[in-house]
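Just below is one structure, and these are the notes that go with it.
The values are calculated or read from the model by the stated rules, or taken from the named source; none is laboratory data. Being a predicted model, the structure only gives us computed values, none of them experimental. Using ideal geometry, Cβ is built from the backbone for each residue, glycine included, and neighbour counts are taken over all protein chains shown.
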Amino acid sequence: MNESGTRYDAFLSYSHAADQRIAPVLRQGLHQLARRWNQIWALRVFQDKESLAANPDLWDTIDNALRESRFFVLLASPEAAASPWVRREVEYWRTQREQGTFLIAFTGGEIAWDDAAGDFDWERTTALPETLRGWFSAEPLWVDLSWARDEPDLSLRHSRFRFDVATLAAAVHGTAKEELDSEDVRRYRFATLVRRGAAAALTVLLIAVLGLGARTILLQQRAIEQGQQALSRAVSAKSELMGDSDPELSRLLALAAWRIGGTPEAEAAMSQAAARPGIGRIVAGGDVEAVAFSPDGKALVTGGDNVRTWDTVTRRQVGETIGAQEAVWQEKAVRTVQFSPDGTMLLTAGQGPSAKLWHTETGALSAQLYQEDGNSRWSPNDSISAAFSPDGTRLVFGDPGHGVTLWDIASGKAVHTVTTPQIDPFQRNTVSPAVAFHPGGSLFATLSTDGAVQFWDTATGLQIGEPLPAHPGDNASLVGPVIVFSPDGTLFATGGTDGTIRFWDTTTRQPVGTPLSGHTRPDRTTLAQSLAFSPDGRMFAAGSEDGTVRLWDVRTRNLLGTPLSGHTRAVTSLAFSPDGRTLASGARDGTARLWNVAEHLQLAHPAIEHSGMLYALAYSPDGKTIVTGGDNGETAGSHGSMEACSHTGWGLCYVDGGEVSALGGTMVQFLRPPGAQLPPAGPPRTLMLWNAAQRKPVTDLPTADRTPVLAVAFSPDGTTVAAGGMSGREDGETSRGDGGATTLWNHADRTPFAPPLPDELLLVRATAFSPDGRMLVTAGMNSGRGPTALTFWDANSYRPLGTVDAGRTVYSVAFSPSGSILATGNDQGEVRLWDTGTRQPIGDVLEGHTGPVGTLAFSPDGTQLASAGDDGAIRLWDVATRRMAGDPLIGHTGAVYSLAFHPDGRTLASGGGDRSVRLWNVPARKQINAAHIGHRQSVRAVAFSPDGKTLASAGEDAAIRFWGSRAAEDVPAELCDTARRTLTPDEWNRHLPGADYQDVCPSR
């Protein structure tokens, strides 16, 4: 890449104090990305610490390097901005070179560009040196590497780092980023050339040397397979990179990677593509200012510079652009599109000012309700706001003169006209008031620039009550606040030009909770907020200036999941499909996007709510029943006491009858004031059975006391439920009855088979049946009478078979599928394997965890064991060699309390103290879903249904949640069904150069 007269392609300027770790990795990435086989470096990059020889005059050396470099890359941070060396290097480049050769990699602080000033906002910008003030006429190219400071493993194999390096490298190479083929693709091209040359040579040599020819054929086949695998991995990385920007192409590339190579990376890429909420994008041919679903959900209409109808399944345009044959569009933006309730009419309104009705079947103009006649004082850029009444017989309009008109569609006449106030005393503000009908139809609401909501009687046109001041007035913005009602009409939401979003009670007109937070809304002048309720009223969506869409739980006002990202400019409009499973968004990047929000609906409410914290969960073998173990739900505060419980995750603290008990080192202080009331009598509900299909309680199993149940298990034949928890002993003495901490129940008649097992455990933390159902294991915390923490039982006679010392406290046990091996995890971070026949340890302790091991799971084929615990790392072990298999799975930000393998053995689920449920592709060692963050407290148990279609999770928030799951072999068909097409030959050649074309979705 070096041009004549230059020695370096790029000069790397940075602060040693801030970025001494990132700088060399970035340099290495620029060296390697798009490197040809015969090159040492793709780009030669100067970095002072790596490129300097011993020289007494340091600046002369740097000065020479600057003179001999084509591009300047600044690692921007507050430390770099304050560095005299960085300032001197930047000043040199500004005086000697062009703006277009200056690139920025942001690593910390803040960078803000002021479009109005045509310069950085220097009041907010902290990461750039002042010497750059006033130099740029347009915002320069920069990438965000601030996330990389805390990333432990940076290389071009890291998809996000590779994406950012490619952005910088493309500018230096002078080519489009997508044209920079990965090193793996380059190697594949070379392997292809070798293969073709070898094939030609073999034709000549085969006659003379048959033996060598056979060997060469085998080597050739191996080279072909290696090349295909390399290409598969490279295309998998491409799929991951474009998952947000183009979800449809991302799915198809993942399928292509799988078809040509079948690598674990391709399998993970398919699972990741299937898990993303983005369904696809629609290129509308201009800014999209409005979106609306038809009442049957089969069509989506987009409004903006034009109005188009799209099939929601194929995402292709249906018919001609609306109004194209009427010649009624004047290239003014349509900012409202809405179907009539029966779907026969389409309302469009916007600039002109203009409002029209169209026949949806023919696309013909039905009525022109508002049109600029050239004599009005309104500007052609002013807009009309409009909405249908719930019965479809009337319309309400807000005009730039702050008038509001109720319009009868049948007669084509105005029924009522009212005027809303404005904040500008000189009446120069021509922002139309927002309008919305209450779902009941008896009233409509307006929200004008003064920030006040007014309610009007639909029948009389009279105002109902006093104006409600919802937001500060604004006479400077070119758009106004917005208002939307919830589907049942009990709530309404308002979004002000100040960026706030508030919920209000329709009856009391009082705010509900605090304003929503999390979205971005810096543009106060040209972009009205985009808000929408889901059809069931459980979920609320808001678009952001940063191109993302955020979803909230209406009941709790908590954010649901991660923001929906993919748009590259501000989101202008939102609409839910009639079934609530799909969300459409429009943006000023010229696209509309469809999102699958079914999982977010699951997050909005748990499927099952328990009375107390949940610690354990298990499916019955037939998948029809779920058993849970948990807390009795009693809190000290509910009885007037001042006890304080602290749950560490490994200790136990609970309240029973107003008294607090603690085990496992948890500290408790309590005071029962005079007159404190004890809890009412009733079942403790610590052990419950649930109908898995209906997700409703079947019954509680009446335990002898109200102590927590911490471990549950079904026997393989489903006839027996084992439940373990507190034994009732305190310091080794029985205080709540005889027996131990584990009880076996008859699943059919919900009665105990026998008294609690007579173990020596004060607290049972784990229990499991052997695969043949003949043996039961219990483990936990000692009562103080002996060293035993692990007991083997005859599951039929309930007699002990033997005991072993597996550690001071054993938190987890798991049988191998054959039943010949038992794995245990204890409080010392030790994983041990035991021979179940001899009850002797197998080999040495499996070491690696740095805290308690709280969960274990064998793969269905028994070849791997997964373990996790307090350190948050999930480790996979080769059972035969008892060695760690690959690197740990890292992603959880807290302890991991539960693991479960999918029945196909290729997917692992985990739940932890960071409130998340995560899915991992085991062969690729990659997380394949955005973390399910639906629980409000720690996730203590996860379990797949026997058919693998559902993943259940239970947590300390007393909730059971259900997540859709899929087997690896089902993913390709699902991806094709969502993409609704296959890769074209042109797309194939662009992304898989040199590979023979394959139809990745043959049925399409």
Worksheet item: Is at least one residue of the range 81-97 under 36 Å from the mean Cα position of the chain (by Cα), modelled with pLDDT of 90 or more and assigned to a helix (DSSP H, G or I)?
Response: yes
* Asked: farther than 21 Å from Q20 by Cβ and surrounded by 18 or more Cβ atoms within 10 Å (Cβ to Cβ) - does that describe any residue in the range 73-83?
  -> no
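Please verify whether T430 is touching a strand residue (DSSP E or B) at 6+ places or on another chain (Cβ under 6 Å), closer than 21 Å to Q454 by Cα, modelled with pLDDT of 70 or more and among the polar types (S, T, N, Q), treating the condition exactly as stated. Spell out the reasoning first.
Numbers: touching a strand residue (DSSP E or B) at 6+ places or on another chain (Cβ under 6 Å): no; closer than 21 Å to Q454 by Cα: yes; modelled with pLDDT of 70 or more: yes; among the polar types (S, T, N, Q): yes.
For T430, the condition - touching a strand residue (DSSP E or B) at 6+ places or on another chain (Cβ under 6 Å), closer than 21 Å to Q454 by Cα, modelled with pLDDT of 70 or more and among the polar types (S, T, N, Q) - is not met.
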Exactly one of D914, D986, D957 is out of contact with any helix residue (DSSP H, G or I) (no Cβ under 9 Å at 6 or more places or on another chain), surrounded by fewer than 16 Cβ atoms within 10 Å (Cβ to Cβ) and acidic (D, E), and that one is D986
Okay, strands (runs of 3 or more DSSP E) sitting entirely in the range 811-888 with 2 or more residues that are over 33 Å from the mean Cα position of the chain (by Cα), I get 821-826, 831-835
G440 fails exactly one of (1) assigned to a strand (DSSP E or B); (2) loosely packed, with under 14 Cβ neighbours inside 10 Å, namely (1)
Checked against (1) at pLDDT below 95; (2) buried (at least 18 other Cβ atoms within 10 Å of the Cβ); (3) small (G, A, S), S945 satisfies every condition except (1)
Within the range 571-584, restricting to residues that are more than 20 Å from the chain's Cα centre (by Cα) and assigned to a loop (DSSP other than H, G, I, E, B), the one that is modelled with the lowest pLDDT is D579
T893: passes all of (1) among the polar types (S, T, N, Q); (2) surrounded by fewer than 19 Cβ atoms within 10 Å (Cβ to Cβ); (3) assigned to a strand (DSSP E or B) but (3)
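Tally up the residues in the range 816-826 that are buried (at least 22 other Cβ atoms within 10 Å of the Cβ) and either in contact with a helix residue (DSSP H, G or I) (Cβ under 7 Å, 6 or more places away or on another chain) or of a type outside the set (S, T, N, Q) (or both), please.
3
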Of the residues in the range 241-291, those that are part of a strand (DSSP E or B), among the small types (G, A, S), farther than 21 Å from G561 by Cα and under 25 Å from the mean Cα position of the chain (by Cα) number 0
Residue set T548, T458; condition under 30 Å from P277 (Cα atoms) and either out of contact with any strand residue (DSSP E or B) (no Cβ under 6 Å at 6 or more places or on another chain) or at pLDDT 90 or above (or both); output residue T548
The correct count of residues that are in a loop (DSSP other than H, G, I, E, B), over 9 Å from A256 (Cβ atoms) and not hydroxyl-bearing (S, T, Y) in the range 981-1004 is 8
Tell me, please, whether a residue that is surrounded by 15 or more Cβ atoms within 10 Å (Cβ to Cβ) and within 25 Å of L357 (Cα to Cα) can be found in the range 467-475.
no
Here the residues within the range 215-245 that are in contact with a helix residue (DSSP H, G or I) (Cβ under 9 Å, 6 or more places away or on another chain) and among the charged types (D, E, K, R) are E225, R233, K238, E240, D244
Being closer than 17 Å to A274 by Cα, small (G, A, S) and under 16 Å from the mean Cα position of the chain (by Cα) narrows S910, S965 down to just S965
Output for Cβ contacts, cut-off 6 Å, separation at least six or different chains, first residue charged (D, E, K, R) in the range 495-519, second not in a loop (DSSP other than H, G, I, E, B), reads R502/T494; R502/P511; R509/L468
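Right, I928: closer than 30 Å to R233 by Cβ, of a type in the set (A, V, I, L, M) and touching a residue at least 40 places away in the same chain (Cβ under 8 Å) or not? Give the derivation first.
Numbers: closer than 30 Å to R233 by Cβ: yes; of a type in the set (A, V, I, L, M): yes; touching a residue at least 40 places away in the same chain (Cβ under 8 Å): yes.
So I928 fits the description; yes.
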Per the filter on the range 959-980, residues in contact with a strand residue (DSSP E or B) (Cβ under 6 Å, 6 or more places away or on another chain) and either in a loop (DSSP other than H, G, I, E, B) or among the charged types (D, E, K, R) (or both) are R961, S965
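Looking for whichever is in contact with a His (Cβ under 7 Å, 6 or more places away or on another chain), among the small types (G, A, S) and in contact (Cβ under 8 Å) with a residue 60 or more places away in the chain here; the options are S938, S965, S945. Which one fits? Walk me through it before giving the result.
On the way: S938 fails: in contact with a His (Cβ under 7 Å, 6 or more places away or on another chain); S945 fails: in contact with a His (Cβ under 7 Å, 6 or more places away or on another chain).
It is S965.
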Screening A795, A806 for residues that are touching a residue at least 60 places away in the same chain (Cβ under 8 Å) and either surrounded by fewer than 21 Cβ atoms within 10 Å (Cβ to Cβ) or over 22 Å from A662 (Cα atoms) (or both) leaves only A795
Subset of the range 68-111, residues under 18 Å from D48 (Cα atoms) and among the charged types (D, E, K, R), comes to E68, R70, E79, R87, R88, E89, E91
